[in-house]
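See structure below.
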Amino acid sequence: MSRPDYQLFTRETRSIVFNLQTNAIQRMLDFDHVCRREKPSVAAIVNPSAKQGGYHKVFWGTKEILIPIYPTTEKASAKHPDADVLINFASFRSAYSTSMEALAISTIRTVVIIAEGVPERRARELASTAEKLGKNIIGPATVGGILAGGFKIGNTGGTIENIIESGLHRSGSVGFVSKSGGMSNEAYNIIYHNSDGLYEGIAIGGDSYPGSTLLEHLLRFEANPDVKMLVCLGEVGGTEEYRIVNALKEKKITKPLVCWVTGTIASKMTGEVQFGHAGAKAGASNETAEAKNKALTEAGAMVPDSFDDYGEKIRQVYEKLVGEGKIVKKPEPEIPPIPVDFKAVSNTVRKSTEFICTITDDTGDEPLYSGVPMSKVVEMNMPLGELIGLLWFKKKLPAFAAEYIEMVLRLTADHGPCVSGAHNAIVTARAGRDLMSAVASGILTIGPRFGGAVSGAAKAFSDALKRGLTPLEFVNEMKVKGVNIQGIGHRIKSATNPDIRVTLIKQFAKEKFSATPYLDYALEVEKITLTKRNNLILNVDGAIGVLFLDLMESCGDLFSEQEKSEIVEFEILNGLFMLGRTIGMIGHFFDQKRLRSALYRHPMNDVLYDLPDPADLGYDF
Amino acid sequence: MAVRGIREYDGKMLMSSLMGRFSNNTISVRGDFALIDPTTDMDSLPQSMPWLLTDKLVAKPDMLFGKRGKNNLLKLNATWEEAKAWIQEKMTVDTTLSGVTGKLTHFLVEPFIPHDKEYYIAMRSFRNEDTLYFSTEGGINVEENWDKVKEIHVPVMRDGNILDAGNFDVTRELPLEGSELSAVASFVNALYRFYADQGFSYLEINPFAIKDNVVIPLDLVAKIDDTAAFENLDSWGRSLEFPSGFGKTPTKEEAFIKELDSKTGASLKLTVLNPDGHIWPMIAGGGASVIYADTVADLGYMNELGMYGEYSGDPNEELTYQYACTVIDLMTRKSDVRGKALLIGGGIANFTDVAKTFTGIIRAIEKYQDALRTAKVKIFVRRGGPNYKVGLDKMRALGGKLGIPIEVYGPETHMTRIVPMAIDYIKA
């Protein structure tokens, strides 16, 4: 679609945004929504660190849409040839190279450079290159510009409230250009309150060598029949305003121009003060604000006495144009309802949550474990067992209880390569899989037959004791049901070959717990089962389980009855074994990796093959 | 971030260390220069610079001002002892230059080299070109003989391509002949490459002499675009300094803000104009800050303006706090019968979060509340932009809480309207 040279932007203009500037992009789309644009003004995003591309999710009114992300401007342009504006948010370091790259792309017509601090020599090269190619640069060191009611560059115009308060969502008759981005926004507000509002506003940036000049934009406005009057804000330093003076004298600018050059204070100061903009420094007497304001007045521009009268001058010119019938006020468009961000109103609206969390809060400066700041946990060198108490039970466990948990973790950390957990982890590691897969495959074997009998044993013994069964009644009941008692029995260990782990924790509990009724009960049960077979001992799972019941009893009323039964019910005790054994399984994984172990294949001679005869199954080959 | 003057010493040292690189080692520049400041141990200096004791010397102040000969601030053909005594004396007495009085702090000492012919070379950057100015009649009278200066134009683009300084050759432009031409042309070519590569925007050597392909820059003035720092870290290093002009030694507070400014992507600026002033503008935005200062001056109260400054580019809360503390501390150090006005002004921000920056300013006001009361400070606020309503409400609430008078306005009020209000207050 070809456009006249004076028209950089229309309601159809689409852009590519360089760097993922989420706020600026959302503000552009909010503006589009308020202006009732058909298509979003951002066609694509360039994110050099997203080598594979991707999508960025944004609001389009109340809906959400996806904007594609590309790693280079070239790729984005190839896919979106309709986007002829690049809004370059690259840093001052890379603004030059990325802008040069964009200027070389045939479909890009305008490059906006936001970065402040682009070296002057590079800025000159950019400006000259754009001029040679017949392209436009806005910036560096700018917020951009805006076609009222049509297209907004990046953060120009601020929030959507300000857009509407300054009438930027609909088109007026005033063309505005200044160096300063902040002051351009202020000027849009002044213009709206003293005329029918802005047609288009451009901030060329405060550097010494902006890519496009005040005059270039004024000449575009002069050529654009929709712009009826020009407003300009100049600045002390440089001689750019004299080019405007000449254009006025040569009748290249014929539309009424209101202009004010700021920095009148500079010549009243002794010594040299660098103002906020790099270019704002008068090197010669003709670069002062006074000299420039005088020359502009003499050339026929409307120059106020001070910035205070700026709006008044605009009003005078506007009303004259209305009186002459040159400006006919346009009807005000209807503003669509503006969606409100949840974040902005989160103090006044309520919405029920989908998730509840009662153990850790990470919404503040640091995570809280059941309310205890992480820094305190570290500061007091909190024992791991106590930490587990905070996160599993939301309780401050007494020292002996924390110590018991740590002891269990030590005792269960590993039990060699042959048990099913480690075995699976090893086989998985040798199949070339990753750490997570290997450990997960090991953990998945934990259950009633391996390691996971802790909860089951605790449940069975506490149930029996509560129902008042004697150990013998309990054993008989289980026999009748045909169920093995969890926590009793071991493949290898026996009464004559006791499990050292069980010995150790029994000893610990006898010393540190106030009483051990569950252990005592279990040992009575063991006496009975041992009469049946020598290996039907209280095994390590069983001991851990029943002793945890004793631990809770020894904590006084720290655990309520309901909490005690929930801890047994919800398999929390199996978590102790799982946590401990994970240490060993990670070890086995690393061990196999270090050894560069090859794929494991079980020897065939270790398998009994016993297949049915197909004929028996009814096949007749 | 702008074009700034550098010391003659730094300019000459840069030239000396880089000229070989830019001339394929055909040209060298003498590197025997010493910079002396009040911290220099002049007695031990000759140990590292033995030429100080063997050569006849030149000593002159190195503080960004020119016309040192005409101001009688040039010590020529001196021994080290003579130069030392002269410098020590100049460091202790007040010197007045163009109406500004202050102490001289930095001096350049170099060998005094008798020479025959004095050349003039200057380079200046413009939007579309760099202009070189060359004359065979350099020296203090070059301005009187300006019609003899040859201008050479080096465009940014030539034949549709960006001109590489390495391909620029000045030989055919110079009004010289024979071996003199080839020696001077080699130097000027190398100097231009140096100029273009090292971020200069102005460089004047008046005069320079040349002897057996060794260049002696006798007097040098240079301005550098400090935004080119990231391209020249290896050559500028951390030592290249951008001093303030003579008599403009930054105050402790100015130096502190400069330091903060250099560490952030945001912008913070402070120049103290009159410590006894009654109007202190703390303004957001490079453009708006100038307009506030203009308005104070336009209304006839330039002499009451305490400072020029600005903060912009969405500084974080801590930076704004530090900035506000510095300003409030400065304005409340002295108090008299009249009240003072603190202007917390700005236009309508595009993206700076007004509430957030105000949080930093509010913390500073709370910290200095007693000082503000003692100095009878009234605060005038005018601001717009993202989250401005929250910011303005916080300011209003602060006034009530601290009992410090605060008037608060938003975008509905003309930006500089608070200036005449402040003037009325300090007049009363």
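Give me the lysines in straight-line cross-link reach of B:Lys340: C-alpha distance below 17 Å, same-chain residues under 8 apart excluded. The qualifying lysines are B:Lys376, B:Lys378, B:Lys427.
Kirkwood radius and radius of gyration were both taken over the C-alpha atoms of region A:422-577, and their ratio Rg/Rh is 1.01. Summing Lys and Arg as +1 and Asp and Glu as -1 over all other residues whose Cβ lies under 11 Å from the Cβ of A:Arg430 gives a net charge of +3. For chain A, pairs of C-alpha atoms spaced more than 32 angstrom apart make up 65 percent of the total. Structural size metrics of region B:52-191, computed from C-alpha coordinates, are Rg and Dmax of 19.3, 58 Å. Straight-distance candidates among the lysines for linking to B:Lys148, with alpha-carbon spacing under 18 Å and chain neighbours fewer than 8 residues away dropped: B:Lys117.
In terms of overall dimensions, region A:14-323 has a Cα radius of gyration and Dmax of 19.3, 59 angstrom.
Most simply put, the protein assembly as shown has about 55% antiparallel DSSP beta bridges, counting only bridges with both residues inside it. Normalising the average separation of contacting C-alpha pairs (under 8 angstrom, six or more residues apart) by the number of residues puts the relative contact order of chain A at 9 percent.
Pairs of Cα atoms nearer than 8 Å and 6+ residues apart set the relative contact order; for region A:78-125 it is 44 percent. The Cα atoms of chain B cover 81, 57, 38 Å along the three principal axes, with the biggest extent listed first. First obtain the Kirkwood hydrodynamic radius of region A:427-475 from its Cα pairs, then insert it into the Stokes-Einstein equation at 37 °C and 0.692 mPa s, and state the resulting D in µm² per second as a whole number. In µm²/s, the coefficient rounds to 248. Anyone know which of B:Asp393, B:Asp37, B:Asp225 comes out most mobile in the 10 Å Cα GNM of chain B? Comparing B:Asp393, B:Asp37, B:Asp225 in a Gaussian network model of chain B, the most mobile one is B:Asp393.
Summarise the partner chain shielding of A:530-541 as one whole number: the mean count of Cβ atoms from other chains within 10 Å of each residue's Cβ. Walk me through the numbers on the way to the answer.
Values: counts 0, 0, 0, 0, 0, 0, 0, 0, 0, 0, 0, 0.
Mean partner-chain Cβ count within 10 Å for A:530-541: 0.
Less than 5 angstrom separates the built amide H of B:Tyr409 from those of B:Val381, B:Arg382, B:Arg383, all sequence-distant by 5 or more or on a different chain.
Please report B:Ile418, A:Ile202 as a ranked list, fewest other C-beta atoms within 10 angstrom at the top and most at the bottom.
Working: B:Ile418 24, A:Ile202 31.
The most exposed by this proxy come first: B:Ile418, A:Ile202.
Taking the C-alpha atoms only, the angle from helix A:572-594 to the longest principal axis of chain A is near 80 degrees.
Please give the FRET efficiency for B:Arg158 paired with B:Leu74, using the beta carbon to beta carbon distance and R0 = 41 Å, rounded to the nearest 0.05. All intermediate terms of the calculation are to be shown ahead of the outcome.
Working: r = 41 Å, r/R0 = 1.00.
With a Förster radius of 41 Å, E is 0.50.
Of all beta bridges DSSP finds with both residues in region A:133-263, what is the antiparallel percent, to the nearest 5?
Values: 5 of 21 bridges.
Taking every DSSP beta bridge within region A:133-263, about 25 percent pair in antiparallel fashion.
Here the Karplus curve 6.51 cos²θ - 1.76 cosθ + 1.60, taken at θ = phi - 60°, turns the phi angles of region A:296-313 into couplings of 5, 4, 5, 7, x, 6, 8, 10, x, 6, 7, 4, 4, 9, 4, x, 4, 4 Hz, with x standing for Gly and Pro.
Work out, step by step, the length gained on full extension between A:Val378 and A:Leu617: first 0.36 nm times the residue separation, then minus their alpha carbon distance; give nm to one decimal.
79.4 nm
For n ≥ 4 DSSP H runs only, could you compute -39500 (n - 2.57) per run for chain B, divide by its residues and tell me the 222 nm figure to the nearest 500?
Numbers: 13 runs with 144 residues, N = 428.
Helix-only estimate at 222 nm: -10000 deg cm²/dmol.
Taken over region A:30-168, lysine pairs spaced eight or more positions apart, or on distinct chains, with alpha carbons under 29 Å apart number 26. Against chain A, whose longest principal axis comes from its Cα atoms, helix A:471-481 is set at around 70 degrees.
Using a 10 Å cut-off around each Cβ of peptide B:346-357, what is the average number of partner chain Cβ atoms that fall inside? Write out the running numbers ahead of the final one.
Numbers: counts 2, 10, 15, 9, 16, 14, 3, 0, 1, 0, 0, 0.
The shielding value for this peptide is 6.
Kirkwood Rh over Cα pairs of region A:298-385 into Stokes-Einstein at 37 °C, 0.692 mPa s: D in µm²/s? Intermediate results must be reported in sequence, preceding the final value.
On the way: Rh = 20.8 Å.
After rounding, the answer is 158 µm²/s.
Could you tell me which of rounded, prolate or oblate describes region A:182-228, using a ≥ b ≥ c as the square roots of the eigenvalues of the alpha-carbon gyration tensor, with rounded for a/c under 1.5 and, failing that, prolate when a/b is larger than b/c and oblate otherwise? Here region A:182-228 falls in the oblate category.
Which order do the peptides A:81-89, A:232-240 take when ranked by the mean count of other beta-carbon atoms within 10 Å per residue, highest first?
Top to bottom by mean Cβ count within 10 Å: A:232-240, A:81-89.
Any idea what the relative contact order of chain B is, in percent, if you count C-alpha pairs under 8 Å spaced at least 6 apart? Before the final figure, lay out the partial values.
Numbers: 804 pairs, mean separation 56.0, N = 428.
After rounding, I find 13 percent.
Computing FRET efficiency as 1/(1 + (r/R0)^6) for A:Asn347 and A:Phe590, where r is the C-beta to C-beta distance and R0 is 35 Å, gives about 0.10. Calculated mean residue ellipticity at 222 nm for chain A: -12500 deg cm²/dmol, from DSSP H runs with n ≥ 4 weighted as -39500 (n - 2.57), summed, divided by the residue count and rounded to 500. Extension gain, A:Thr10 to A:Tyr55: 0.36 nm times the residue separation minus the Cα-Cα distance gives 13.6 nm. Projecting label points 7 angstrom from Cα along Cα→Cβ for A:Lys466 and A:Lys294 puts them 10.0 nm apart.
The mean count of C-beta atoms from other chains within 10 Å of the C-beta of residues in B:224-232, rounded to a whole number, is 5.
Classify region A:357-508 as rounded, prolate or oblate, taking a ≥ b ≥ c as the square roots of the eigenvalues of its Cα gyration tensor: rounded when a/c is under 1.5, otherwise prolate if a/b is larger than b/c and oblate if not.
Details: a/c = 2.03, a/b = 1.33, b/c = 1.53.
Cα axes put region A:357-508 in the oblate bin.
In this structure, the residue pairs whose Cα-Cα separation is over 28 Å, taken from A:Lys394/A:Lys493; A:Lys512/A:Lys564; B:Lys67/B:Lys150; A:Lys255/B:Lys269; B:Lys56/B:Lys103; A:Lys292/A:Lys330, are A:Lys394/A:Lys493; A:Lys255/B:Lys269; A:Lys292/A:Lys330. Taking packing as the residue-averaged number of other Cβ atoms within 10 angstrom, the listed peptides A:598-604, A:164-170, B:45-51 run from highest to lowest as A:164-170, B:45-51, A:598-604.
Taking other residues whose beta carbon is less than 11 angstrom from the beta carbon of A:Cys555, and scoring Lys, Arg as +1 and Asp, Glu as -1, yields -1. Counting only residues at least eight positions apart within a chain, or on another chain, the aspartates and glutamates with an alpha carbon under 18 Å from that of B:Lys75 are B:Glu8, B:Asp32, B:Asp37, B:Asp55, B:Asp62, B:Glu89, B:Asp94, B:Glu110, B:Asp219. With the simple model of a label 7 Å out from the Cα in the direction of the Cβ, A:Cys418 to B:Asn274 spans 9.6 nm.
Taking the Cβ of A:Glu222 as the centre, find all other residues whose Cβ is under 9 Å away and add up their charges (Lys, Arg: +1; Asp, Glu: -1). If you can, show how the numbers build up before the last one.
Working: positive: A:Arg220, A:Lys252, A:Lys255; negative: none.
Its environment carries a net charge of +3.
Using R0 = 51 Å, the C-beta based FRET efficiency linking B:Thr171 and A:Ser91 works out to 0.80. Does the protein assembly as shown classify as rounded, prolate or oblate by the C-alpha gyration tensor (a ≥ b ≥ c root eigenvalues; a/c under 1.5 gives rounded; else a/b over b/c gives prolate, otherwise oblate)? Because a/c hits 1.5 or more and a/b exceeds b/c, the protein assembly as shown counts as prolate. One quarter of the surface of the convex hull around the alpha-carbon atoms of region B:34-111 equals 4.9 nm², the direction-averaged projected area. Here A:Tyr619, B:Tyr9 are placed in order of increasing Cβ neighbour count within 10 Å, fewest first, which gives A:Tyr619, B:Tyr9.
Rule-based calculations on the coordinates, nothing more; no lab input. Since the model is a prediction, treat every value here as computed from it, not as a measurement. Virtual Cβ from ideal backbone geometry, glycine too; neighbours counted across all protein chains shown.
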